[in-house]
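Colleague: The structure that follows is given in the form of structure tokens.
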Amino acid sequence: MTPLTDTFGRVHNNLRISVTDRCNIRCFYCMPADNVQFMAKAKLLSFEEIERFVRIVQPMGINKLRLTGGEPLVRRDLPTLVAKLAAIEGIKDIGITTNGILLAEQAQELYDAGLRRLNVSLDALNAEKFAEVTRREGYEKVIEGIQAAKAAGFDPIKINAVSIRGVTEEEIVPFGHFARETGCEVRFIEYMPLDADAAWERDKVLFADEIIETLSKEIRPLIPVPNSDPRAPATEYDFNDGIGRVGFIASVSKPFCMNCNRFRLTADGKIRNCLFSLEETDVRSLLRSGTDDETIRQAVLDSVMAKEAGHEINMAGFVQPDRPMYSIGG
Ligand code: SAM
Ligand code: SF4
């Protein structure tokens with residue numbers, strides 16, 4: 001079968017699957033503080049529907065999956081889904097992005113089910129700042145979760161830290177030391193306009209170059225990692241003594257759209273060809289109406305063929321999508 005390729009020649013092998021829009025914390029750059037309208041349970045794809053979708057797209061060259069949300073670990077019996085997906089021939093690796101609150105309870109079961117790549121989101125290395133960003137308690141649980149994940153066998157573990165001007169500057173150096181001491185790669189993500197409150201402004205983005213400068217000055221010079229995957233969103237650097245790695249997802253200052261190899265399935269069964277897409281394809285209704293595999297593949301192909309060259313965050317006419325990050329699946 002021909003690999004899933006868009007009109008710009010970008011081959012798509014990577015699918016992000018959101019398993020829920022629910023979450024046990026309320027990061028201000030993602031969710032509203034309260035009164036969140038979650039999707040009705042009946043609208044969520046079942047594990048069987050997700051599995052069928054992956055089996056349908058795998059022959060198009062999809063071999064990498066990442067589970068996300070909302071908070072994926074609040075979806076009941078998640079290891080069951082991981083095991084179903086790991087059993088699909090041709091799926092080479094399955095990752096997850098989690099806030100880590102429930103990780104201590106689930107790490108071993110998830111690892112045993114076949115999950116290997118683990119990204120834990122953590123924006124601060126102290127409980128007070130954690131609570132300011134997430135509007136909930138839970139810092140210690142995340143740290144326990146990371147420890148439990150290590151003990152379960154996850155390696156590497158990557159930490160995702162959103163970088164927000166006026167909020168997280170003081171976390172940069174502690175995270176640099178954390179990367180050196182724990183061996184976890186810390187990836188700084190530029191704050192993107194996907195917050196439910198639509199309060200994003202370009203001035204609130206703490207740019208990758210500024211963080212590189214701070215780490216180089218305060219800890220040690222950073223040198224780019226040679227031969228890192230050009231299709232991966234993060235640009236990676238090592239400290240010049242070889243101890244500690246950091247990465248930068250510079251979606252705002254250095255968009256990497258021309259290397260994009262991913263598309264998304266939302267928890268309510270919509271395909272999105274980009275985080276910033278204003279359109280989506282309803283695959284749930286196809287899955288629930290007895291549609292054959294070939295027609296579903298055609299819907300996926302049509303969606304990917306409609307993918308734009310890149311997002312327009314840096315342009316005057318940028319329009320923020322209606323769905324905030326927690327509802328798309330980051
Ligand atoms: N709840 C899980 C978590 O936080 O890891 C998975 C879903 S979350 C939407 C996925 C990733 O998106 C997290 O690393 C989070 O920090 C990031 N994220 C959410 N909103 C963002 C925004 N406005 N800009 C940049 N990254 C964002
Ligand atoms: Fe929840 Fe993740 Fe959004 Fe934070 S970023 S509110 S943990 S979904």
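The values are calculated or read from the model by the stated rules, or taken from the named source; none is laboratory data. Note that the structure is predicted; figures quoted are calculated from it, not measured. Cβ: placed from backbone, ideal geometry, glycine included. Neighbour counts: every protein chain shown. Protein only, heavy atoms only, side chains kept; ligands, DNA and RNA dropped before computing areas. Shrake-Rupley method; radii C 1.70, N 1.55, O 1.52, S 1.80 Å.
Colleague: Can you tell me the order of 151-157, 287-293 when each peptide is scored by its average per-residue count of other Cβ atoms within 10 angstrom, highest first?
Modeller: Packing order, densest peptide first, comes out as 151-157, 287-293.
Colleague: In terms of modelled amide H atoms, which long-range or inter-chain residues lie less than 5 Å from the amide H of Glu185?
Modeller: Placed amide hydrogens put Ile157, Ile159 under 5 Å from Glu185.
Colleague: For the chain, give the share of DSSP beta bridges that are antiparallel, in percent and rounded to the nearest 5; count only bridges with both residues there.
Modeller: In the chain, DSSP labels about 30 percent of beta bridges as antiparallel.
Colleague: Please give the solvent-accessible surface of Asp241 in Å², to the nearest 10, using a probe radius of 1.4 Å with every protein chain present.
Modeller: Surface open to solvent at Asp241 totals about 60 Å².
Colleague: Sticking with this one: Roughly how big is the chain's charge dipole about its Cα centre, with Cβ charges of +1 (Lys, Arg) and -1 (Asp, Glu), in debye to the nearest 20?
Modeller: Charge dipole, the chain, about its Cα centre: 700 debye, nearest 20.
Colleague: Taking 7 Å along the Cα-to-C-beta vector as the label spot, tell me the Ala127-Glu89 distance in nanometres, rounded to one decimal.
Modeller: 5.2
Colleague: Return one number: the angle in degrees, 0 to 90 and rounded to the nearest 10, between the long axis of the Cα atoms of helix 103-113 and the longest principal axis of the Cα atoms of the chain.
Modeller: Tilt relative to the chain: about 50 degrees.
Colleague: Expressed as a whole percent, how much of the Cα-Cα distance distribution for region 14-328 exceeds 28 Å?
Modeller: Result: 39 percent of Cα pairs exceed 28 Å.
Colleague: Quick one: work out the % antiparallel among DSSP beta bridges in region 136-238, nearest 5.
Modeller: Roughly 35 percent of the DSSP beta bridges within region 136-238 come out antiparallel.
Colleague: Here is a follow-up. Using a 1.4 angstrom probe on heavy atoms only, work out the carbon and sulfur share of the accessible area of the chain in %.
Modeller: Solvent-exposed carbon and sulfur of the chain make up 50 percent of the total.
Colleague: When N is the residue count of region 174-225, what does its C-alpha Rg come to as a fraction of 2.2 N^0.38 Å?
Modeller: 1.37
Colleague: Taking the chain as a Gaussian network, where each spring joins two C-alpha atoms under 10 Å apart, which residue of Gly317, Gly70, Gly247 fluctuates the most?
Modeller: Highest fluctuation of the listed residues: Gly317.
Colleague: Right, another one. Considering only protein heavy atoms, with the full assembly of protein chains and a 1.4 angstrom probe, order Cys274, Cys184 by accessible area, largest first.
Modeller: Ranked from most to least accessible, the order is Cys274, Cys184.
Colleague: Determine ³J(HN,Hα), in whole Hz, for all residues of region 214-228 in sequence, where each value follows from phi through the Karplus function 6.51 cos²θ - 1.76 cosθ + 1.60 and θ = phi - 60°; x replaces Gly and Pro.
Modeller: Those phi angles translate into 4, 5, 5, 6, 8, 10, 7, x, 9, 10, x, 6, x, 6, 6 Hz.
Colleague: Take the Cα gyration tensor of region 40-143, multiply each eigenvalue by 5, square-root it, and list the three semi-axes largest first, rounded to whole angstrom.
Modeller: 28, 15, 12
Colleague: Using a probe radius of 1.4 Å on heavy atoms only, what accessible surface per residue do you get for region 14-328? Whole Å² is fine.
Modeller: Accessible area per residue, region 14-328: 43 Å².
Colleague: Given a 10 angstrom Cα cut-off, can you work out which residue in Arg16, Arg55, Arg76 is the most mobile in a GNM of the chain?
Modeller: Judging by the Gaussian network model, the answer is Arg76.
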